[in-house]
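Asker: I'd like to ask you about the structure that follows.
The values are calculated or read from the model by the stated rules, or taken from the named source; none is laboratory data. In this text the structure is predicted, and so the values were computed from the model without any measurement. Positions of Cβ are backbone-derived with ideal geometry, glycine not excepted, and every protein chain shown enters the neighbour counts. Heads up: the accessible areas ignore ligands, DNA and RNA and are worked out on the full protein's heavy atoms, side chains in. Shrake-Rupley method; radii C 1.70, N 1.55, O 1.52, S 1.80 Å.
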Amino acid sequence: MATGKEESSVVHGEAQKVVTEFDAPKKKGRNKYAIACTILASMTSILLGYDIGVMSGAVIYIKKDLKISDVEVEILVGILNVYCLFGSAAAGRTSDWIGRRYTIVLASVIFFLGALLMGFATNYAFLMVGRLVAGIGVGYALMIAPVYAAEVSPASSRGFITSFPEVFINAGILFGYISNYGFSKLRPNLGWRFMLGIGAVPSVFLALVVIAMPESPRWLVMQGQLGLAKRVLDKTSDSKEESQLRLADIKEAAGIPEECTDDVVAVPKRSHGEGVWRELLIFPTPSVRRILIAAVGIHFFQQASGIDAVVLYSPRIFEKAGIKDNDHILLATVAVGFVKTCFILVATFLLDRVGRRPLLLTSVAGMIFSLAALGVGLTVIDHSDTKLIWAVALSLCTVLSYVAFFSIGMGPITWVYSSEIFPLRLRAQGCSIGVGVNRVTSGVLSMTFISLYDAITIGGAFFLYSGVALVGWIFFYTWLPETQGRSLEDMEILFTNSSWNKKKSSTNDTSGNSNDHINGQIQLGTNG
């Protein structure tokens, strides 16, 4: 019977065998240089988190000060996600043009301008202009941070490292909630302006520190700068052998011959991004089509299961649950941000140990039950004439359990998974499609939540989100293979040979050897 190592060489060739030999057995400490680079890049995600968190509380005072309706509140809260589309759509091509690093700087500059405009807004129209500018900056940051993290990290700790953007989104949400509570003590017409305008401060710091980061090695190879790419890979890999293999894989994906070893080489024209949309959307290969469906699906279900409705409208949810004092409501939202941030930190250490699939399926299962229980609690409160302490406690606890389950799996894995599965030539634009779906779905939910619970009750809204999460669990179970421990350049093979294509592969095997065992290994994401 063939050993796991021999089977690996049959499927992926001798290079994959070498990756297996040095990747799995030796457990080294995490690459501190790669971690530091990713932390700097991922800090741009704090801009989105802060905006989400701060707007949930600021809108209480904006509504009173500017005398706006519930419909205008929905639009104000959710429109940022629609504006994100402009940024995320442009970020893919921009990052291929000027590089990942300067795209992050551009995101910070745009958000800085948006935060200032919102802080100085004198009316609703002025405020919406600020939301437009800030939304474009957030769209850039959302797309580029996971891409850079995936491209700079070694395979052994890619899950840990590429979860950093979600960590900083959660940190931003927590800071936004704290800002709500702190500035709520000011005059109402002044407090919300400080809440929104103070977001300009971190963007200045981010734009400065990102200059110290190295450029993505994969982008450098796409530009033919092999010498610079090799130096970055030497610093961000776990060993010299891994650095050499990563460079060889990236050169192959970029269409650069293996024998080219000069510091600067000519690259095929398509490495600059031409024809990518055609290959992604019009004439995709079966593996690329499945990768695209997986990325779009995971981004859709992340938002369609109601996370932004809970985070953006948590003050309203707590008010519906029976908490009437504004200070108590804002303190409860701080608790949501604290729990969300704590559990995302737990998730970062489990991603490379437990794997993507087990964490994702466990996370979504917990979300399903939490949403259903929240629906029960709010429905009971809605139909009761007296204050039921147990129902209030159930509602509060299930909001906290929902964000905890979300943060331990669904939150970080969406960004990790979608940033690592696309081939190099399609990665920037593929990720921008995922971000676009994510933001459209979030925008639709956040701009319809008040109208939805007015139509079917607030408890009914969360029963609906629970049902969507259940459909998502089925999709993840049947469609997403495990990617833990695999190189980025190996993903196309993984999606070609996973269980979705197993029957076809077995049918086409004329050598007399069954592919089932090999495909099963790929499906589980094992290195052997």
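Asker: Considering each of G472, G460, G411 in turn, give the residue that is surrounded by 23 or more Cβ atoms within 10 Å (Cβ to Cβ) and in contact (Cβ under 8 Å) with a residue 12 or more places away in the chain. I'd like the intermediate steps shown before the answer.
Answerer: Details: G472 fails: surrounded by 23 or more Cβ atoms within 10 Å (Cβ to Cβ); G460 fails: surrounded by 23 or more Cβ atoms within 10 Å (Cβ to Cβ).
When all the criteria are applied, what remains is G411.
Asker: A further question follows. Which condition does L426 not pass, out of (1) under 17 Å from the mean Cα position of the chain (by Cα); (2) over 27 Å from V77 (Cα atoms), if it passes all the others?
Answerer: Looking at each condition in turn, L426 falls short on (1).
Asker: In the range 285-317, how many are aromatic (F, W, Y) and either at pLDDT below 90 or not in a helix (DSSP H, G or I) (or both)?
Answerer: Number satisfying all stated conditions: 1.
Asker: If Y83 meets every condition in (1) open to solvent by 10 Å² or more (accessible area, probe 1.4 Å); (2) within 30 Å of D238 (Cβ to Cβ) apart from one, which number is that one?
Answerer: The number of the failed condition is (2).
Asker: Would you mention how many residues in the range 226-269 are hydroxyl-bearing (S, T, Y) and either part of a helix (DSSP H, G or I) or within 13 Å of S216 (Cβ to Cβ) (or both)? If you could, list the steps in order and put the result at the bottom.
Answerer: Narrowing the range 226-269 to residues hydroxyl-bearing (S, T, Y): 236-237, 239, 243, 261.
Going one step further and asking which of them are either part of a helix (DSSP H, G or I) or within 13 Å of S216 (Cβ to Cβ) (or both), we end up with 236, 243.
Matching residues across the range 226-269 total 2.
Asker: Applying the selection to the range 133-145, what residues are under 16 Å from M43 (Cβ atoms) and open to solvent by less than 10 Å² (accessible area, probe 1.4 Å)? Give the derivation first.
Answerer: First, pick out the residues of the range 133-145 that are under 16 Å from M43 (Cβ atoms): 137-138, 140-145.
Listed by number, the residues that qualify are G137, V138, A141, L142, M143, I144, A145.
Asker: Pairs, please: C-beta under 8 Å, at least 6 apart or cross-chain, first residue at pLDDT below 80 and in the range 245-274, second open to solvent by 70 Å² or more (accessible area, probe 1.4 Å) and outside any loop (DSSP other than H, G, I, E, B)?
Answerer: Qualifying pairs under 8 Å: G255/R270; E258/E252; D263/L228; H272/W97; G273/R93; G273/W97.
Asker: Next question. Out of the residues in the range 175-196 meeting the condition of being buried (at least 24 other Cβ atoms within 10 Å of the Cβ) and hydrophobic (A, V, I, L, M, F, W, C), tell me which one is farthest from V403 (Cα to Cα).
Answerer: As a first pass, look at the range 175-196 and keep what is buried (at least 24 other Cβ atoms within 10 Å of the Cβ): 176-177, 180, 192, 195-196.
Those left that are additionally hydrophobic (A, V, I, L, M, F, W, C): 192, 195-196.
Numbers: W192: 25, M195: 23, L196: 24 Å.
By that ranking, first place goes to W192.
Asker: Still on this model: Please determine, by comparing only the residues of the range 381-399 that are farther than 18 Å from V339 by Cα, hydrophobic (A, V, I, L, M, F, W, C) and in contact with a Ser or Thr (Cβ under 9 Å, 6 or more places away or on another chain), which one is most open to solvent (accessible area, probe 1.4 Å).
Answerer: Applying the filter and picking the extreme gives I381.
Asker: While we're looking at this one, here's another question. State which residue is surrounded by the fewest Cβ atoms within 10 Å (Cβ to Cβ) when the search covers only the range 93-109 and only residues that are within 21 Å of L280 (Cβ to Cβ) and of a type in the set (K, R).
Answerer: R93
Asker: Consider A121 against the criteria (1) open to solvent by less than 50 Å² (accessible area, probe 1.4 Å); (2) among the small types (G, A, S); (3) in a helix (DSSP H, G or I); (4) modelled with pLDDT of 85 or more: it satisfies all of them except one. Which criterion is unmet?
Answerer: Against the list (1) open to solvent by less than 50 Å² (accessible area, probe 1.4 Å); (2) among the small types (G, A, S); (3) in a helix (DSSP H, G or I); (4) modelled with pLDDT of 85 or more, A121 comes up short only on (3).
Asker: If you scan the range 32-59, which residues turn out to be surrounded by fewer than 22 Cβ atoms within 10 Å (Cβ to Cβ) and in contact (Cβ under 8 Å) with a residue 60 or more places away in the chain?
Answerer: Step one: list which residues in the range 32-59 are surrounded by fewer than 22 Cβ atoms within 10 Å (Cβ to Cβ), which gives 32-33, 35-36, 39-40.
Y33, I35, I39, L40 - these are the residues of the range 32-59 that are surrounded by fewer than 22 Cβ atoms within 10 Å (Cβ to Cβ) and in contact (Cβ under 8 Å) with a residue 60 or more places away in the chain.
Asker: Here is a further query. Exactly one of (1) at pLDDT below 85; (2) surrounded by fewer than 22 Cβ atoms within 10 Å (Cβ to Cβ) is unmet by L66. Its number?
Answerer: Condition (1) is where L66 drops out.
Asker: State which residue is nearest to I104 (Cα to Cα) when the search covers only the range 216-246 and only residues that are surrounded by 22 or more Cβ atoms within 10 Å (Cβ to Cβ) and in contact with a Lys or Arg (Cβ under 7 Å, 6 or more places away or on another chain).
Answerer: Restricting to residues being surrounded by 22 or more Cβ atoms within 10 Å (Cβ to Cβ) and in contact with a Lys or Arg (Cβ under 7 Å, 6 or more places away or on another chain), the top hit is S216.
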